[in-house]
Every structure is written in C-alpha cells, then in structure tokens.
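The structure appears below as structure tokens.
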Amino acid sequence: DIDLCGPSIPRMLGVHGREVHQHDAGWLPVYTDNSQTLGVMSIGFLLGNQDDPVVWRGPKKTAMIRQFLSDVTWGELDVLVIDTPPGTSDEHIAVMEALKDVKVDGAVLVTTPQAVAVGDVRRELTFCKKTKLKVLGIIENMSGFVCPHCTECTNIFSAGGGKSLAEHAKVPFLGSVPIEPNLALAAETGQDFASSFATSEAAIRFKSIFENLLLDNNGTVAENSGDMDTT
C-alpha cells in the first residue's frame with residue numbers, strides 16, 4: 001500500500017491496528033490470517049495514532065516506498081500487487097524507479113464513469129506510456145446502482161466512460177463494478193466480500209474482471225511466480 005497519505009488497505013483487509021515486527025532480514029509483512037497467504041505492508045501500521053497525517057515531501061516518500069520494496073521480507077511471491085493513490089505523483093515515479101530492474105507485468109487502472117474521473121485516468125494512461133509500463137486493462141467502478149429488489153440498474157454517475165476510454169486507448173476493458181452497499185460495508189469492516197456476498201452482482205462482476213484479466217494477458221498473472229509484480 002503506497003498510498004502514504006491515505007493508507008486504507010489495512011482496514012479494508014481486516015488488519016487495522018496491527019503492528020509491524022522487525023527481524024534480522026528486515027520488516028515482516030502483516031498477514032491477513034494464519035495461512036500467511038496474503039501479506040500486507042502499509043504506512044498505516046507505522047503510525048502511532050491513526051489520525052496522524054503524513055505530511056512528507058517527495059524524497060521522504062521515495063525512501064519509504066523503497067523500504068517497502070527492499071526491506072520487507074516478502075518471501076516467495078506469486079503476485080506482488082502495489083496499490084497506488086490516484087494521479088501521477090511522487091509515489092508513482094518512486095515505485096517505477098525502484099522496480100526498473102524487475103519484470104513488471106503491468107498496471108490495472110480504475111476509473112468511475114464521469115468525464116472528470118476519466119480525464120484523470122487518461123493522464124495515467126499517458127504516464128504508463130511514457131514509462132513503458134504495459135496497461136493490463138481498465139475497470140469502471142461505481143458503474144450504476146443495481147436495485148436489490150428489482151435488479152434494475154440506474155446509472156447515477158452516467159455510464160460507459162471507462163469502456164470508451166479503453167477503446168480509445170486500445171487497451172483491454174476488464175469490466176465494470178456497480179455501486180454495492182455491502183461492498184462498502186465489507187471494505188469498512190475488513191470482511192471478505194467475495195465469500196460473504198458471493199451471489200451479489202458486484203461479486204459476480206469481480207470474478208468476471210479477474211477472468212478477463214487472465215484471458216487478456218494469457219494467464220501470466222496466475223502462472224508466474226517469484227519474480228512477478230503487478231502494479
């Protein structure tokens with residue numbers, strides 16, 4: 001989690017309030033359960049008070065991101081997912097510089113349907129092009145609200161912005177996710193949404209997006225191991 005100013009991943013994964021431990025080889029990631037299948041590192045674990053703001057200039061952000069990548073004992077990895085803040089700021093530049101000698105599979109970009117958000121993601125596409133980072137695809141989030149009673153979808157924030165951008169940029173459109181109150185609740189409480197609400201429209205869309213990601217990239221995300229990173 002390199003969103004240094006808004007570290008929300010610990011809360012979303014149900015590990016909010018945990019502490020990072022250090023040993024001879026470096027920091028140990030925080031695991032979501034005893035199986036140690038999913039490890040997490042975030043500045044949220046390092047804050048003495050969760051209400052403290054992170055007011056850092058570029059060089060300090062860069063140093064922390066490098067520590068997350070080099071000083072954390074991740075062990076043998078199947079996939080390294082790096083969650084970045086919106087935009088193209090110090091965090092994005094720092095992570096690309098830190099991974100310049102590593103094979104990176106690519107970036108998944110997320111937008112909401114309205115034109116203002118699509119414009120921001122268009123600039124992120126330009127950033128990826130300039131840094132020669134492959135775009136694995138675009139996801140449209142908050143794409144309509146599905147009524148829980150009649151299943152009719154109402155496009156509150158318009159619709160199709162992400163798909164249009166993907167077509168314009170000639171990159172895969174991975175799918176769209178509707179507004180889902182239970183998804184927001186799961187994110188706030190650290191629940192496993194896909195398991196807890198497996199039959200919901202949003203969970204079905206997530207599964208489809210993952211399948212599209214594998215299909216569009218010949219299964220590399222699932223099959224590679226050890227040296228594979230996904231930004």
Can you give the local net charge around Arg122? Use residues other than it whose beta-carbon is closer than 14 angstrom to its beta-carbon, Lys and Arg +1, Asp and Glu -1. +1
The range 63-213 - accessible surface per residue (Å², probe 1.4 Å): 56 Å²
When the accessible area of the range 116-207 is computed with all protein chains present and a 1.4 Å probe, what percentage of it is carbon and sulfur? 58 percent
Carbon and sulfur together cover what percent of the accessible area of the range 42-100 at a 1.4 Å probe radius? 50 percent
Connecting every pair of Cα atoms under 10 Å apart in the chain and solving the GNM, the largest mean-square fluctuation among Ser164, Ser42, Ser176 falls on Ser164
Please list, in order along the range 162-170, the HN-Hα scalar couplings obtained from phi with the Karplus expression 6.51 cos²θ - 1.76 cosθ + 1.60 (θ = phi - 60°), rounded to whole Hz, x for Gly and Pro. x, 5, 4, 5, 4, 5, 5, 8, 6
Within a Cβ distance under 15 Å of His149, other residues only, what is the Lys/Arg minus Asp/Glu net charge? -3
Listed here are the pairs Lys103/Lys134; Lys130/Lys170; Lys103/Lys132; Lys130/Lys207; which of them are more than 21 Å apart at the Cα? Lys130/Lys207
Of the listed values [x] 215; [y] 142; [z] 157, identify the label whose number matches volume of the Cα convex hull per residue in Å³ calculated from this model. [y]
So how far, in whole Å, is the C-alpha centre of the range 1-80 from the one of the range 161-206? 24 Å
Sequence-distant lysines (8 or more away, or on other chains) whose Cα lies within less than 22 Å of Lys60: Lys100
With Cα coordinates, the longest principal axis of the chain makes an angle with the long axis of helix 115-130, in degrees rounded to 10, of 50 degrees
Heavy atoms only, 1.4 Å probe, whole protein assembly: order Arg57, Arg66 by accessible area, highest first. Arg57, Arg66
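The values are calculated or read from the model by the stated rules, or taken from the named source; none is laboratory data. The structure presented is a predicted model; accordingly, all values stated were derived computationally and were not measured. FYI the Cβ positions are ideal-geometry reconstructions off the backbone, even for glycines, and counts take in every protein chain you see. Note: areas computed on protein heavy atoms with side chains; ligands, DNA, RNA excluded. Shrake-Rupley method; radii C 1.70, N 1.55, O 1.52, S 1.80 Å.
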